[in-house]
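Take a look at the structure below.
The values are calculated or read from the model by the stated rules, or taken from the named source; none is laboratory data. Nothing here was measured: the structure is a model prediction, and the numbers come from that model. Virtual Cβ from ideal backbone geometry, glycine too; neighbours counted across all protein chains shown. These accessible areas exclude ligands, DNA and RNA; they are computed on the full protein's heavy atoms, side chains included. Shrake-Rupley method; radii C 1.70, N 1.55, O 1.52, S 1.80 Å.
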Amino acid sequence: MPLLHQVVGVLEELYPLRYAEQWDAPGLIVGDPFDAVHRIAFATDPTLAVVEQAVEKDCDLLICHHPLFFRAVHEVNGYGVHGRIVTMLARAHCALWVGHTNADSAYRGVGQAAADAFGLIRQHPLVPIEDPEAGHEVGLGRVGALPEPVTLRDFSRTVADALPHTEYGIQVAGDPEASVRSVCVLPGSGDSLFDEARGSGADVYVTSDLRHHPAKDALERTRYEAWLRGHGLAVGLGDPHPRPMLINTPHSAIESLWLDYAMEDVPQAVLKATGEEVDRPRQIVVNTDPWAWSLR
């Protein structure tokens, strides 16, 4: 069986840590580098319920997208849930490795997985990363085209159908009958990149965690610029129609689409790098979206 440090080396070839945002700290969070790895589990969030399942299934490694720690910590004891998680993992010799913003930008990473799931072709990163070692275009988010134009209503249904079920669902801003051909996708919190999405010329921006004021301001801007274009002023990109329209998705749901690629790519890369096989990977399917029900 491969050792943990060998598998970590493979993971960090697939999802280089140098792609991570400055504030992020992905990589190996828990684990002895000399432990053997036979059984790998994948999940979006390392919640207590997810970790309990990984331990119950005798997994040696849990690979997640979201970090266990987003901020600095000063203790990991049993009085806190994170301390409980670390203790459970360590006692079971189950390592935890996180591919967060580094996996967002990687080839066959989070952004590409979502764009592929929504049917985009001729894709390019929204925010490119220059990496001569990559062999493929890499960077944050994806911009691409649909094979044929569809209405916003129909494209929104494509997005909703591609995502795992949540009670929160998706939210859409725009004329349901507006034509959609070009699409910008940024899985995860996306209201900080409104300008980049607007600059891409995309008809619709698919992302998550859109807050009221940034979303309202972005829509107001696109509508006014469309009005100016309709009156002969060359402002923004495109014809006299507001763009981009918005689709707000549940955060973990859209990012979970990456797991299909990772569960295929990681075992193959481990075998190629080490000559050793791991057991068939398994996805721990736990709905980690915080919203359990909604009223209308």
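The table below gives the values:
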{"quantity": "The one condition in (1) open to solvent by less than 50 Å² (accessible area, probe 1.4 Å); (2) at pLDDT below 95; (3) touching a strand residue (DSSP E or B) at 6+ places or on another chain (Cβ under 7 Å) that residue 1 fails to fulfil", "calculated": "(1)"}
{"quantity": "The range 278-296 residues that are among the basic types (Lys, Arg), paired with ones that are open to solvent by less than 70 Å² (accessible area, probe 1.4 Å) (beta carbon under 7 Å, 6 or more apart)", "calculated": "282/41"}
{"quantity": "Entirely in the range 176-268, the strands (runs of 3 or more DSSP E) that have 3 or more residues that are free of Cβ contacts under 8 Å to residues at least 60 places away in the same chain and open to solvent by less than 60 Å² (accessible area, probe 1.4 Å)", "calculated": "204-208"}
{"quantity": "First in the range 151-165 and part of a helix (DSSP H, G or I), second anywhere and surrounded by fewer than 16 Cβ atoms within 10 Å (Cβ to Cβ), Cβ under 6 Å, 6 or more apart", "calculated": "152/176; 153/176"}
{"quantity": "Residues of the range 77-116 satisfying the condition of being among the aliphatic types (A, V, I, L, M) and touching a strand residue (DSSP E or B) at 6+ places or on another chain (Cβ under 9 Å)", "calculated": "85, 86, 89, 90, 95, 96, 98, 106, 110, 113, 114, 115"}
{"quantity": "Tabulated pairs, the range 41-53, first under 15 Å from residue 92 (Cα atoms), second of a type in the set (Gly, Ala, Ser), C-beta under 6 angstrom, 6+ apart or interchain", "calculated": "41/54; 50/43"}
{"quantity": "Residue 142 farther than 13 Å from residue 206 by Cβ, touching a strand residue (DSSP E or B) at 6+ places or on another chain (Cβ under 7 Å), assigned to a strand (DSSP E or B) and charged (D, E, K, R)", "calculated": "no"}
{"quantity": "Hits in the range 160-192 (condition: closer than 14 Å to residue 119 by Cβ and at pLDDT below 95)", "calculated": "none"}
{"quantity": "Scan of the range 4-16 for residues that are closer than 23 Å to residue 111 by Cβ and open to solvent by 70 Å² or more (accessible area, probe 1.4 Å), ordered by number", "calculated": "13"}
